[in-house]
Amino acid sequence: MTMLNPQPLDQQEDEEMLVPHSDLVEGPQPLVEGPQPMEVAAPENATTGENQAVDEPQASRFTWTIDEFSRLIVKKLYSEPFVVGSYKWRVLIFPKGNNVECLSMYLDVADSPTLPYGWNRYAQFSLTVVNQINPKYSVKKETQHQFNQRESDWGFTSFMLLSDLYDPNKGYLVNDKVVIEADVAVRKVIDYWTYDSKKETGYVGLKNQGATCYMNSLLQTLYHIPYFRKAVYHMPTTENDMPSGSIPLALQSLFYKLQYSDTSVATKELTKSFGWDTYDSFMQHDVQELNRVLCEKLEDKMKGTVVEGTIQKLFEGHHMNYIECINVDFKSTRKESFYDLQLDVKGCRDVYASFDKYVEVERLEGDNKYHAEAHGLQDAKKGVLFIDFPPVLQLQLKRFEYDFMRDTMVKINDRYEFPLELDLDRENGKYLSPDADRSVRNLYTLHSVLVHSGGVHGGHYYAFIRPTLSDQWYKFDDERVTKEDNKRALEEQYGGEEELPQTNPGFNNTPFKFTKYSNAYMLVYIRESDKDKIICDVGEKDIAEHLRTRLKKEQEEKEDKRRYKAQAHLYTIIKVARDEDLREQIGKEIYFDLVDHDKVRSFRIQKQLPFNLFKEELVLVRGRGSRGKALSIKYRVD
């Protein structure tokens, strides 16, 4: 008999890793004597602890009162150190400006020269010059930064004009005194090499197939609408269905894994059920179109089942298009339904301005008069009013539009604000038609913010979601899920321009503003009166038995495969060809040494197994009929 040792098993592809990067910048050194630092007890395991903060941000406010401010002759001045999150900080100012006609102000790591190699810490902070006459006119700027050895200070070179600061009538310099406040929140530095989304947040992400981040952000948003998830679970599927050929089953499988898996979930079965091939997965599609197509397909599959009408109940609203003549008694109306609303961003400062524009009345007059049947051409008013809004309101922000001057599509990065609570009954129901049910309170709370980062030709998509509508936001960025706060989820996604915070204060850094290319493109609101019904409990009782069985079996097989691969380096595969195999195959299509090794018996044995023990195992395998016969082995190792 002969034996063949085959090639080792293929290794899994490495997961994508993200590593923070910063340019080499020297930190500032004090030029004047200042107050001595406060004594702080060194934490145990300082080297390790320096890169670890608590899970929840620790925040504190430091107030610095500077007397005889106008008499300062130093180039830069440090505050006394203060402690936030067990770390020492201080404020650095340039009273006459850092080579600009503005007050320059920064947050600095107070003990950076003495910290261990490789230290870093992450903070969100604001710096304020208090208006001592009227605090509402205080100048405040906010930013965030990951501080390290190369960037131990961060802030604003052009914080405010010196002319305003030194003007005695403005209220910033009173009795030759300036008051500065620093609000600092220290957050945990995320180690992306070892980060566990499930452990840190209780949620898992979705794997990116190449360019499917736009789909991932939408799927996470839909999954975290529990009423929708429950309806998907209740769609009838059978154990004979294949996920790759059934959108309902593929979505059920995906949602189940998002709910119960400990690691990020693949979306290949779902995209195959769409009929997509690998090429489609590397092409970015339109999110709004995907949302509509997916909901339409699910709506069709729900017909005749216990969940029929769920899509309409959740997402469908109605508006009335009208044309009303001014000089004669004639009015034409048409009722239409919608699953989402497209709102203008350009020329609108916020969501309310977009709704104002949506219902804006257009005058039909002059050459554009309206033909009112028997009344002929008439001056008229044309507009849209809402009959009802859905429980889940999806707002598509028109961030992309065609520029006729440049003959190309462009992205609108203008600042556009959106509230945490949206009142569509404002101003005595100005958005509602006369037929609207005024007993329904159209007060909404923000559930999801879907973000596009990049330009018109491509970019990255992710979502900020409040799964339970609590104060805690989560950022779903493909495979990674992190905890975020209100400011990160709302204000930082408004878009617009922002002054680049300046580092390296000892040098001439000309400040400049930059356009924020990361901004919200879709908002999801849930009506307050419906939130208890929509944010409902979804458990295993809502999942079909055949689906639970199928997915638990898949999970067990996945775990066995993982365990097998983890131990693969300890084993080898030996293929054994008996004399009978050689006699049967000689003269036919043959491989290697006259035998097709795919047709012979394989043995998975430990590499450390002595050869004589392997021979004994072969004897047992040959059976009783072969006892007493000599065992002759010829072997070949490839």
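Counting only Cα atoms, region 247-394 measures 66, 39, 28 Å along its principal axes, largest extent leading. When the GluC sites (Glu not before Pro) in region 84-189 are filtered for DSSP coil states and for at most 11 other beta-carbon atoms within 10 Å of their beta-carbon, the remaining sites are GLU101. The convex hull of the Cα atoms of region 381-436, projected and averaged over all directions, covers 6.5 nm².
Leaving out ligands, DNA and RNA, and with a 1.4 Å probe, what % of the accessible surface on region 375-435 is carbon or sulfur? Whole-percent figure for carbon plus sulfur exposure: 50.
Based on protein heavy atoms only, region 53-133 ends up with 42 Å² per residue of surface accessible to a 1.4 Å probe.
What the Kirkwood sum gives for region 100-246 is a hydrodynamic radius of 20.6 Å, with every pair of different alpha carbons counted. Computed from the alpha carbon positions, the gyration tensor of region 218-262 leads to an equivalent ellipsoid with semi-axes of 18, 12, 9 Å, biggest first. Summing Lys and Arg as +1 and Asp and Glu as -1 over all other residues whose Cβ lies under 13 Å from the Cβ of ALA380 gives a net charge of -1. Accessible surface computed residue by residue for region 204-299, with neighbouring protein chains in place and a 1.4 Å probe, gives 38 Å² per residue. Taking region 458-477 and a reference point 7 angstrom along Cα→Cβ of LYS198, the backbone N atoms nearer than 18 Å belong to 476-477.
When nucleic acids and ligands are ignored and a 1.4 Å probe is applied, ASP423 ends up with an accessible area of around 40 Å².
When both region 325-355 and region 123-144 are represented by their alpha-carbon centers, they are found 39 Å apart.
Semi-axes of region 380-532's equivalent ellipsoid from the Cα gyration tensor, sqrt of 5 times each eigenvalue, largest first, rounded to whole Å?
For region 380-532, the ellipsoid semi-axes come out as 33, 22, 15 Å.
The values are calculated or read from the model by the stated rules, or taken from the named source; none is laboratory data. Since we're looking at a predicted model, the values are computed, not measured. When we count neighbours, we look across all protein chains shown, and the Cβ atoms used for this are built from the backbone with ideal geometry, even at glycine. Remember, those area values only see protein heavy atoms, side chains included, never the ligands or the DNA or RNA. Shrake-Rupley method; radii C 1.70, N 1.55, O 1.52, S 1.80 Å.
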